[in-house]
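The structure appears below as structure tokens.
The values are calculated or read from the model by the stated rules, or taken from the named source; none is laboratory data. Since this is a predicted model, take the numbers as computed values, not measurements. Cβ atoms come from the backbone with ideal geometry, glycine included; neighbour counts cover every protein chain shown.
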Amino acid sequence: MFWGDRVRMPEIILRSIRFAPLAAIVAIVAPEILMPAGTVELGHFDWTLPKIWGGLAAFISFIWTRKMLPTLVMGMAVYSLLRYWF
């Protein structure tokens, strides 16, 4: 940390800091996936959006493999195919 060994952080804070990057990424990516362009609320949720299916495919791929590369490839493949067809 910035203060080195002079300041001791409580263990609960050190464990909580691990989740900060994940929370930031979810806060940025989730609205982009779940809401169509130009909307400000989730009430306009549309299952026909390729972003939703690409995100769902990436999520399932990550749960299944626990690896980043298959997650990216699967999510982008599903998104690209659906975007091309629809």
Worksheet item: Of the residues Glu41, Glu11, Glu32, which is within 11 Å of the chain's Cα centre (by Cα) and acidic (Asp, Glu)?
Response: Glu32
Worksheet item: Consider Ala23 against the criteria (1) loosely packed, with under 13 Cβ neighbours inside 10 Å; (2) in a loop (DSSP other than H, G, I, E, B): it satisfies all of them except one. Which criterion is unmet?
Response: (2)
Discussion item. With the structure loaded, tell me whether Arg66 is more than 30 Å from Trp85 (Cα to Cα), out of contact with any strand residue (DSSP E or B) (no Cβ under 9 Å at 6 or more places or on another chain) and surrounded by fewer than 10 Cβ atoms within 10 Å (Cβ to Cβ) or whether it fails that test.
Written reply: no
Worksheet item: Yes or no: Ala77 among the small types (Gly, Ala, Ser) and not in a helix (DSSP H, G or I)?
Response: no
Fill in: Set Thr48, Thr39, Thr71: member being in a loop (DSSP other than H, G, I, E, B) and at pLDDT 85 or above
Thr48
Worksheet, complete the sentence: Of the candidates Arg83, Arg15, the one satisfying the condition of being of a type in the set (Lys, Arg), in a helix (DSSP H, G or I) and surrounded by 12 or more Cβ atoms within 10 Å (Cβ to Cβ) is Arg83
